[in-house]
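Working notes, structure below.
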Amino acid sequence: MKRSVLILLLSGLALAGSFGLFLETGVTQGKNGWLFHIAEFGAYTAEQPQDIEDKLRFIGATSQLLKKKGITLVVALVPAKIHLYQAQLPDDLPLTETMQNRYQRAMSSLRSNGVIAVDLLTPMRQGQLSKDEANFSVYQKLDHHFSSRGALIAAKAVADKVRQVIKIGDLPKAKFSLNAKPQEFYEESSLLQRLPQIERSKYPKEAFIPYELVRASGGLLQTSDPAVVLVGSSASKGGRMWPFEYGIPYYLGVEVANAAQIGRGPWLPLEDYLTNPMYQLKPPKVIIWQLWESFLLDVDQANLPEDWAAKLGALIEDGSSLPNLNLPKTNSTAQEITLPPETLPTDSLLLEVSSPKMERIKLEVIGLKSRLTMTLRLGNVGQKYRLKVPLALHADSPKMVRLLADSKNLKVYRVQRYGLSPTMLALLEPKGVQNLLQRTDRLQLLGFADLEANGIRWAMGSQTSVHFWSLNAKPIRLDLDVFNPIENQEVRWFLNDQPLELWQGLKAEEIRQQQIILTPLRGKNTLRMQVKFFNGSGSDFAKGEARGLSVMFNRFQLIF
């Protein structure tokens, strides 16, 4: 995990002996040979109950949209290891009440928003009571993933929930056998690999029971469009080591396509799956979405991608009463679709296309001063595909979509414009006071250092920016209290590359307090600050500091 997670974690704590290695590696060494991942601790004493609510709202909105499309979303929330092995934590890292209740709060919030969520903490705790726990715990001691035994306990709980919410008899049957193999030892445990070599040698290898899944008629997937799809992170791609992906089809008795990805968090794998033309052609009946509890916190790959609500909403929705647009010419590798003047950055296009050959399509959304590029591949020859293209240009109005194909064989049948659903629109625009020295909602920050324990934040490098959506283009107030440590500093402010303010000749230790009224554009906006000097480039005001610090914010608020 990133160093930033540690800085937040240690906020409000004294640096005791074990924290030094924790800060360096992102791993804490517990009792009796147990290791724990930093991400599970979140912001530690600074963590508040509302810190997970933003992402829970996103999950709830996704569930609502999929339900309207006839798709049942089942969320499998994998609990953090700290809940199950709290007794093995080091004495200097006791869990706060907020952390202890985090999983139950998340489950309650999901269910209150109509999400079908599987409680995996309860069955895994029950699994700890088994006599097998002595030899094979439900979580790996030296890794942040569950063990092979814990993975199967979780898989059975998910399969039982799926059976409760859909008519499993309506799905094509598939018979599997799940075979345990002789004991092996984990060769690469994720947390152990983070420790210095001298520390690793203290831990013996950990044993596990590998499993193999075999389909009765041979092969796992017999159809290209199974009715049940698993999307998730590495916990859903463990294979024989932690066979969560094997247990679900085995206990369900139906084929399950696995669209999980390793190392990309919970959001991007779902987006990638929904982008796949095969999904657009024939959606499944059930999507099982596996998330690690720590992904609800603002750590590393768990951060929500920029514009994720707009992208995901566009991929799920396609209903519109708007007339079809004119079709482009089909005798050229570059086909252009002119968008009507009333097109909004929150709109999308639905394209129905086919090609008599394998085809790679490059799509360009073109505005007055910017463009957005994406690439899609058509797989089945001659088959009609439904492609969805979000038009979310930055600080610009979409004017045209250009299709660049490998050949002149691409045929376009239909082009329709549709708007983003109110469910996702409600998650785009920031509301009220957004204090960048505290937790913010629906803002993307680039070029900032992490929050300091005393409630200030530094800008780093030559540029710092804040990205946000404005749906109504109403004026926004910017309140600033900026401390400059560098002699003869120059600071420039821009909104969507248009100059706002120029502060010249700032003296060292000068404080600038100011209010600025911003007039955003409808759609995506960027507030940018540019400085002339920063630590390591024209200044060395903080000797020994590796970060390129420039100015410090004692106040930084956007009031929407």
The local net charge around Pro49, scoring Lys/Arg +1 and Asp/Glu -1 for residues other than Pro49 whose Cβ lies under 13 Å from its Cβ, equals -2
Binning every alpha carbon pair distance of the range 362-413 at 10 Å from zero, what are the percents per bin?
-> 22, 49, 23, 5
For Ile198 paired with Ala216, estimate the spin-label separation in nm (one decimal), with each label point 7 Å from Cα along the Cα-to-Cβ line.
-> 5.9
With each pseudo-label sitting 7 Å past Cα toward Cβ, what's the Asp170-Glu352 distance in nm, one decimal?
-> 2.4
Asserting the computed 222 nm helical MRE of the chain (DSSP H runs at least 4 long, -39500 (n - 2.57) per run, divided by residue count, to nearest 500) equals -5500 deg cm²/dmol
Please work out how much length the chain gains when fully extended from Thr45 to Asn472, using 0.36 nm per residue of separation minus the C-alpha to C-alpha distance, in nm with one decimal.
-> 150.0 nm
Once the Cα gyration tensor of the range 287-400 is diagonalised, what are the square roots of 5 times its eigenvalues, in whole Å and ordered largest first, as equivalent ellipsoid semi-axes?
-> 28, 20, 14
Leaving ligands, DNA and RNA out of it, report the carbon-plus-sulfur percent of the accessible area of the range 282-337 at a 1.4 Å probe.
-> 45
Which distance in nm do the two modelled labels at Glu53 and Ser321 give, with both placed 7 Å along the Cα-to-Cβ direction?
-> 3.4
P(r) tail for the range 200-335, what percent of Cα pairs lie past 22 Å?
-> 54
Whole-percent carbon and sulfur contribution to the accessible surface of the range 147-195 (1.4 Å, no ligands, DNA or RNA) stands at 50
Cβ charges +1 (Lys, Arg) and -1 (Asp, Glu), total dipole of the chain, debye = 1940
With every protein chain left in place, what is the accessible area per residue of the range 374-527 in square angstrom, probe 1.4 Å?
-> 44
The farthest towards the positive end of the charge dipole of the range 386-450, of the residues Leu427, Ser407, Thr440, given +1 on Cβ of Lys and Arg and -1 on Cβ of Asp and Glu, is Ser407
Using just the alpha carbons, could you tell me how many Å³ per residue the convex hull of the range 18-143 encloses?
-> 125
Give, as ranges by residue number, the residues of the range 85-105 whose backbone N falls under 18 Å from the point 7 Å along Cα→Cβ of Arg125.
-> 85-89, 95-105
If you average 1/r over every pair of different alpha-carbon atoms in the range 315-358 and take one over that average, what Kirkwood value in Å do you get?
-> 12.9
How large is log10 I(q)/I(0) at q = 0.09, 0.12 Å⁻¹ when the Debye formula is applied to the Cα atoms of the chain, each weighted equally and without solvent?
-> -0.80, -1.28
Size of charge dipole - the range 274-318 - debye, nearest 20, with Cβ of Lys, Arg +1 and Asp, Glu -1, no other charges | 360
Whole Å is fine, so just give me how far the alpha carbon centre of the range 269-336 lies from that of the range 378-440.
-> 8
Can you tell me how much longer the chain between Asp497 and Ala453 gets when fully stretched, taken as 0.36 nm per residue apart minus their C-alpha distance, in nm with one decimal?
-> 12.6 nm
Bin all alpha-carbon pair distances of the range 103-190 at 10 Å intervals from 0 and give each bin's fraction as a whole percent.
-> 13, 36, 33, 17, 1
Chain lengthening between Ser370 and Gln183 when straightened (0.36 nm per residue, less Cα-Cα) | 61.6 nm
Quick one: accessible area per residue over the range 37-170, 1.4 Å probe, rounded to a whole number of Å²?
-> 38
Flagged links, alpha-carbon separation over 20 Å, of Lys68/Lys237; Lys131/Lys161; Lys167/Lys237; Lys357/Lys384; Lys362/Lys411; Lys156/Lys282 = Lys68/Lys237; Lys131/Lys161; Lys167/Lys237; Lys156/Lys282
Here the Cα Rg-to-2.2 N^0.38 Å ratio for the range 330-453 is 1.35
For a label point 7 Å along the Cα-to-beta-carbon line of Ala426, residues of the range 291-332 with backbone N under 16 Å = 309-310, 313
Just the projected area, averaged over all directions, of the convex hull on the alpha carbon atoms of the range 150-263: how many nm²?
-> 8.2
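The values are calculated or read from the model by the stated rules, or taken from the named source; none is laboratory data. These figures come from a predicted structure and were not determined experimentally. Here Cβ is always computed from backbone atoms with ideal geometry, including for glycine, and neighbour counts include all displayed protein chains. For the accessible areas, the whole protein counts, side chains as well, though only heavy atoms, and no ligand, DNA or RNA atoms are used. Shrake-Rupley method; radii C 1.70, N 1.55, O 1.52, S 1.80 Å.
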